[in-house]
Amino acid sequence: MTTAAPEPKGNMGQPVPRYDAVAKVTGRATYASDTPLANPAYAFLVTSAIAKGRIDGFDLADARRVRGVIEIFTHENAPKLKESKLFSNGGYASTTIQPLKSADIAHDGQIIAVVVADSYEAAREAAYRVKVNYAAAMPAATFDSPGATAAAAKGQNGQFKEDPRVGDFARAFDEAEVKLTAAYETPTQHHNPMELFATSCAWTGDDLVIYEPSQYVHGLKNGVAGQLGIDADKVRVVNPYVGGAFGSKGSMTPRTAIIAGIARRLNRPVKLVPTRDQGFTIATYRAETRHEIQLGASRDGRLLALRHEGMEVSSRPDPYCVGGTKTTTRLYACANVDSLVSIVRADRNTPGFMRSPPEVPYLFALESAMDELAVKLAMDPIELRRINDTANEPIDGKPYTSRSLMACFDAGARAFGWSQRSPAPGSMSDGDWLVGYGCAATCYPTQMAPAAARVRLQRDGRTRVEIAGHEIGNGAYTVIAQAAAERLGVPLEKVTVHIGDSDLPPAPVAGGSNSTASTCSAVMMVCDKVRQRLFRALLPNEGLADRAKETVGIGQTPATQAARSGQPLDRDKAFEALGADVVEDYGEWKPDGAPLDSFHAMHQGQMRMVGGDKMKGAIAYAFGAEFVEVRVNRFTHEIRAPRLVGAFAAGRIMNPRTARSQLMGGLIWGMSSALLESTEIDARTARYVNDNFADYLVPVNADVTDVKVIMLPEQDHRINPAGVKGLGELANVGTNAAVCNALYHATGQRIRKLPARLENIEI
Amino acid sequence: MPDKSGSRHHGFDRRTFMAGAAGSALAPLTARAAAQDARSPVVQDPVLPVDVTLRVNGEDRHLRIDARTTVLDALREHLGLTGSKKGCDHGQCGACTVLIGDRRVVSCLTLALSAEGREITTIEGLASGERLHPMQQAFIDQDAFQCGYCTPGQIMSAVACVKEGHAGSEADIREYMSGNICRCAAYPNIVAAVKQAAPEIMRG
Amino acid sequence: MRSFSYQKATDPGAALRALNAAATDSRPLTEAAAQPLAGGTTLLDLMKLDVMRPASIVNITPLARTWSAVDAGVDGLRLGALAKMSDVAAHPEVQRSYPVVADSLKLAASPQLRNMATLGGNVLQRTRCSYFRDVSYANCNKRNPGSGCAAMDGVNRMHAVLGTSNQCIATYPGDFAQALIALDAMVEITGASGTRSMPFAQLHKAPGNSPQIETSLQPGELISAFTVSGRWPRSLYLKVRDRQSYEFALSSAAVALDVQDGVISDARVALGGVATVPWRAREAEALLKGRRFDDGLAQRVAEAAFADATGRRHNGFKIALGRRVVARALQQAVTMEI
């Protein structure tokens, strides 16, 4: 075992290397724009230079003169497309703003023309030669901009049904011995996956193949079919590898149907590779948020009153919001809770989910406030969390299916050396650097959605697993292969996995950290169907068939399965008895509590995600504790975070190697979010200014020194057959507050607005 | 391929022409460049593509392409070598890193024309047949990637980092691997991979 | 990227003829019809953004045969303009006798870009002002003289506080130029009429009323070398930025000192990340000369360096930051082991 491949503990799976490792280190892994096309035409987007107004007219003469230009599509001649509803409103789309439909412009960087040419170089030149006459109106950029309008989220966003509240907050806060009221802000952020938002479309007759990085191939397939007005069976989305996504590739963006329509019109494959800056406006982002937290506590640190008010920015037509109060009002024991989420509409592209959408901004606020409260109480911040730890969430009183929050704090504190912390702000230093230690809780809901799989087992053990899951760096290939190998008792190297193709049995979006839980549960169920058929063939008169079924359960190892079913399956004899060399089965799995229309919806590319706070009779979250050492240069005020430690409990860990990597990346993401990332908006024009990798800062290798990931074994029988909680979005949540809490410890200065930058440090 | 010998005129490489036309992939080299009067520095018709020979992974590859084509786009769109990735197209991310000669460069800011006559090594040219290069194996062993999109660039950069003598300490590796952004943030594992592979690479 | 004619010049004469043929007096150098291509890291970047649209590109890389030598002798340093940043940064004698030069190069860009970019191209690299780099903004006096400046009241955290005008506040982004200006380097310029030499400090032009004119280089001229007299072992480059590497400076200082028996006999201070051009803080230097160093002096010097600074909405912090950087760089230079 190495650092990269930690020893499995308890019920964890083996830390095997990635299934797709060789493909990825040799350049053979085929991402969307790597797919060769026969005689492709190249598309280049022209995007709007204003955020609000109309196009008065185009002058395309200059652009058309560029040799190699085939056609220039604007709202006047673009293929007509049907509208699609918003993803969070029963549709597929990331936005209801449909470009090339009219002369109207709803946001900066809206697609206003598509140049198609024989070469990329010609398309790009012609795109720059397109002249646009705008009738510009004054846009509202963000909070406080003239023309921005605010209203409660409840009632306008179908997924935000209730502002959680319980007890009598006002009275409890009024009577509390210790009170805190504080406001926090988080900035606009863009996912910036390494892979650009590429789309290639190729028609063969009436059949369309789309090569596009997608976190939801079945959603995209159905969404594009709907926009084109064709049968969904005519559309296939292929993406065996996705070059990072983080939420940005989960819902259908307008570009896909546009390119598909153009390819149909031209009767030629069309390849689009948008630029990095275009990615800022043709896809989604994490909207900026504002928060006010009020905490009332007794002198001994018991929370008596908690109020969380959040405000989020969205576009004019779409009431998108993340509404993280569902989590922050339930994290700690507190009898009197109030909350309110509002949406502020501005002239912006529609935001969307970005890694831990609700938890990142809302827990930054709450976990910063908890640290501030600990300071007021002169109490260790871990002790404050311990006092308010709870087995039941306070709003509906439902029990957490499992909750290892304090075990994580204890393990993390030990590994970090929290006991070495001298509590007084500014009391620790090392040469030129002031040193601060900070911590925060992290959590993420456990979510699942229906999924289907097909499994074929051959007598020689070769196994083929088909499921339209998504490899976005999450290790999907690997954990699916492991689930099948384990369940069927075949060697891992005999398993081939086919994912990333909408012709395969549907799986849900690779988002909401549901992917491993959903796909592995479905694969395990189908493997059990296969096993059951073999058992039945081998021992038709014994009860083993039923017993095989029984073992659908919780992260079983082959050994425990064999014990339960009395004896291991002798595969060769079973195939002999069956009189066949191959067994194949298909099955559809849905989690407990999934609605009746789940499977129907699944085939329509619409998922019915359950879990988190929406479970019946229980609430399911993964938890963790995160510790950060920050250093502030006493001369230059440069801020660095050389040490990150996270301890996490997320149910069964399918593969400690891929899990550790994802958690490590998450910790660094959180540090990045706290210290570096912010999309700057020109308030006058409502335009994104730093829309590139030189100016939108994400960490480079030199920013990361020491990252330690601790995975606590945790068994949770209630959540799903795989026993998996999901951890892709667990680690980048608490880090935001932990960094600022550490900055307070280093400098005595409280940073309530992210990102924390050197100009905010006054020492 | 145009004959390079004796074709210079007044200090110019003979291949002087106007860029701007779209090129077709893998077209056999034909008359245009060869028929051009090599002694004349007159700029050519801007609509014509240019003939370029790139030496990639030890093979000469003849192309007729738009003169504006970068090495990255030449590899990806015209040579079927899609291992090198486009992440920013402006030298800001490192995903397109290749070796030209023994130096790592960003292929997105290198014109194919100016790479003529140079030895280009891409991720596809690193392994010896099915035997992985030590850096590739180290990336697997240390789980030095997640989504894998930046990985070819990271590996090419890492090989050069070692050969430059910049893998002597973890701090050096971190600094000299900072030209390659990994949004999944596999950085600590990348450092571990470079450390693992460095001795073997230095032994040769 | 617009169409261009491409020529590869194999000797300086040919390069100059090609550049000269396209030169007209009326256009600023950056708008000249013919542009030299060396490392390409600025030119191709800006051509892809449609900011630069040369009709002709002259690849001058072959000139490196004669123009890339690094000579570090007892009485000075000569750097060929086509030397690569990475090679000069790694040069042992440069590191020993001119650490400010080596550091400024090593701390710039990324290993890949330093392998590509030449010294001459590096000093001519153009501002990173977002509004300059995005041609969809009509109002940029540098790109489009007289059109206004979008940065003035826009997002300007990265912009300059020194050497600004009411026409332009775009920051000069480089690092190496600060080292050169601090060391009183000369720049050798080769043109059709021969080679001339001038102080590097005269190369860049503050925006004033004509921000489109960035240097005193004339169309048809090429930088062929940089020279520095003397040795400057007590020198360093301190660069402060948000992330640890691969980023332009928020504020930087190139400092070179000559200290004899505890008394500063010569001092050079240049500032980066805060000014529209490579910035020499001569008033600050004057305070240092003939004095013994202490922290109080460092503070006064830092104040003097930014006495004329003016901040805008988001970049005001650079004044205080710049002072801290100057003071810290001086402290480090005084105590460095040489």
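For segment A:362-386, what are the residues that are in contact with a Phe, Trp or Tyr (Cβ under 8 Å, 6 or more places away or on another chain), farther than 14 Å from A:GLY438 by Cβ and surrounded by 22 or more Cβ atoms within 10 Å (Cβ to Cβ)? Matches in segment A:362-386: A:ALA365 only.
For (1) touching a residue at least 60 places away in the same chain (Cβ under 8 Å); (2) farther than 30 Å from A:VAL322 by Cα; (3) part of a loop (DSSP other than H, G, I, E, B); (4) β-branched (Val, Ile, Thr), each residue gets a yes or a no:
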residue: A:PRO17; (1), (2), (3), (4): yes, yes, yes, no
residue: A:VAL25; (1), (2), (3), (4): no, yes, no, yes
residue: A:ILE50; (1), (2), (3), (4): yes, no, yes, yes
residue: A:ALA63; (1), (2), (3), (4): yes, yes, no, no
residue: A:ALA78; (1), (2), (3), (4): yes, yes, yes, no
residue: A:SER84; (1), (2), (3), (4): yes, no, yes, no
residue: A:LYS101; (1), (2), (3), (4): no, no, yes, no
residue: A:ALA127; (1), (2), (3), (4): yes, yes, no, no
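Across segment C:10-25, the number of residues qualifying as in contact (Cβ under 8 Å) with a residue 12 or more places away in the chain, of a type in the set (A, V, I, L, M, F, W, C) and more than 22 Å from C:LEU46 (Cα to Cα) comes to 2.
Taken over segment A:717-739, residues that are of a type in the set (Lys, Arg) and surrounded by 21 or more Cβ atoms within 10 Å (Cβ to Cβ) amount to 1. You will find that of C:ARG17, C:ARG78, C:ARG96, C:ARG27, the residue that is modelled with pLDDT under 95 and farther than 30 Å from A:VAL130 by Cα is C:ARG17 and no other. Taken over segment A:89-138, the criterion of being of a type in the set (S, T, N, Q) and modelled with pLDDT under 95 is satisfied by A:ASN89 alone. Which residues, counting only those in segment A:129-182, are over 30 Å from A:ARG687 (Cα atoms), within 28 Å of the chain's Cα centre (by Cα) and in contact (Cβ under 8 Å) with a residue 12 or more places away in the chain? A:ASP163, A:PRO164, A:ARG165 - these are the residues of segment A:129-182 that are over 30 Å from A:ARG687 (Cα atoms), within 28 Å of the chain's Cα centre (by Cα) and in contact (Cβ under 8 Å) with a residue 12 or more places away in the chain. Residue count for segment A:678-697 under the criterion of being more than 14 Å from chain B (Cβ to nearest Cβ) and polar (S, T, N, Q): the result is 3. If I filter segment A:653-676 for residues that are surrounded by fewer than 24 Cβ atoms within 10 Å (Cβ to Cβ), assigned to a loop (DSSP other than H, G, I, E, B) and within 11 Å of another protein chain (Cβ to nearest Cβ), do I get at least one hit? Yes; the residues of segment A:653-676 include at least one that is surrounded by fewer than 24 Cβ atoms within 10 Å (Cβ to Cβ), assigned to a loop (DSSP other than H, G, I, E, B) and within 11 Å of another protein chain (Cβ to nearest Cβ). Exactly one residue among B:CYS184, B:CYS96, B:CYS108 is within 30 Å of A:PRO274 (Cα to Cα), more than 14 Å from chain C (Cβ to nearest Cβ) and in contact with a helix residue (DSSP H, G or I) (Cβ under 6 Å, 6 or more places away or on another chain), and that residue is B:CYS184.
Of the residues making up segment A:89-131, those that are surrounded by fewer than 24 Cβ atoms within 10 Å (Cβ to Cβ) and either touching a Cys at 6+ places or on another chain (Cβ under 9 Å) or charged (D, E, K, R) (or both) number 6.
Looking across A:GLY461, A:GLY412, A:GLY438, one residue alone is surrounded by 15 or more Cβ atoms within 10 Å (Cβ to Cβ) and part of a loop (DSSP other than H, G, I, E, B). It is A:GLY461.
Scanning segment B:61-73 for residues that are away from chain A (no Cβ under 11 Å) and in contact (Cβ under 8 Å) with a residue 40 or more places away in the chain gives B:HIS62, B:LEU63, B:ARG64, B:VAL71. Summed over segment B:154-195, the residues that are crowded, with 24+ Cβ neighbours inside 10 Å, under 18 Å from the mean Cα position of the chain (by Cα) and in a loop (DSSP other than H, G, I, E, B) give a count of 4.
The residues of segment C:236-263 that are more than 18 Å from C:VAL123 (Cβ to Cβ), away from chain B (no Cβ under 14 Å) and in contact (Cβ under 8 Å) with a residue 40 or more places away in the chain, listed by number, are C:LEU236, C:LEU238, C:VAL240, C:LEU250, C:SER251, C:VAL255, C:LEU257, C:VAL259. Only residues that are in a loop (DSSP other than H, G, I, E, B) and in contact with a helix residue (DSSP H, G or I) (Cβ under 9 Å, 6 or more places away or on another chain) were counted in segment A:724-757, giving 17.
The condition (being over 30 Å from A:MET609 (Cα atoms), among the small types (Gly, Ala, Ser), surrounded by fewer than 23 Cβ atoms within 10 Å (Cβ to Cβ) and touching a residue at least 60 places away in the same chain (Cβ under 8 Å)) is satisfied by just one residue among A:ALA694, A:ALA746, A:ALA742, A:ALA683: A:ALA683.
Among the residues making up segment C:134-160, a single one is within 18 Å of the chain's Cα centre (by Cα), within 12 Å of another protein chain (Cβ to nearest Cβ) and not hydrophobic (A, V, I, L, M, F, W, C): C:HIS159. In the condition set (1) in contact with a Leu (Cβ under 9 Å, 6 or more places away or on another chain); (2) assigned to a helix (DSSP H, G or I); (3) more than 22 Å from A:VAL509 (Cα to Cα), A:ALA202 is compliant with all but (2).
Okay, residues lined up against (1) of a type in the set (A, V, I, L, M); (2) closer than 21 Å to A:ILE55 by Cβ:
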| site | (1), (2) |
| --- | --- |
| A:LYS101 | no, yes |
| A:ALA113 | yes, yes |
| A:ALA152 | yes, no |
| A:ASP163 | no, no |
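Residues in segment B:78-93 that are more than 11 Å from the chain's Cα centre (by Cα) and not polar (S, T, N, Q): B:HIS78, B:LEU79, B:GLY80, B:LYS86, B:GLY87, B:CYS88, B:ASP89, B:HIS90, B:GLY91, B:CYS93. Of the residues B:GLU124, B:GLU200, the single one that is away from chain C (no Cβ under 14 Å), within 16 Å of the chain's Cα centre (by Cα), more than 30 Å from C:VAL58 (Cβ to Cβ) and in a helix (DSSP H, G or I) is B:GLU124. Here is a check on your reading of the model: is A:ASP613 free of Cβ contacts under 8 Å to residues at least 24 places away in the same chain, more than 30 Å from C:ALA329 (Cα to Cα) and either of a type in the set (Asp, Glu) or in contact with a His (Cβ under 8 Å, 6 or more places away or on another chain) (or both)? When the stated conditions are applied, A:ASP613 does not pass them. Select from segment C:206-257 the residues that are closer than 29 Å to C:MET52 by Cα, in a strand (DSSP E or B) and aromatic (Phe, Trp, Tyr) and list them in ascending order. Of everything in segment C:206-257, just one residue is closer than 29 Å to C:MET52 by Cα, in a strand (DSSP E or B) and aromatic (Phe, Trp, Tyr), namely C:PHE226.
The values are calculated or read from the model by the stated rules, or taken from the named source; none is laboratory data. From a predicted model like this one, the values you see are computed outputs, not experimental measurements. We place every Cβ from the backbone using ideal geometry, glycine too, and count neighbours over all the protein chains shown.
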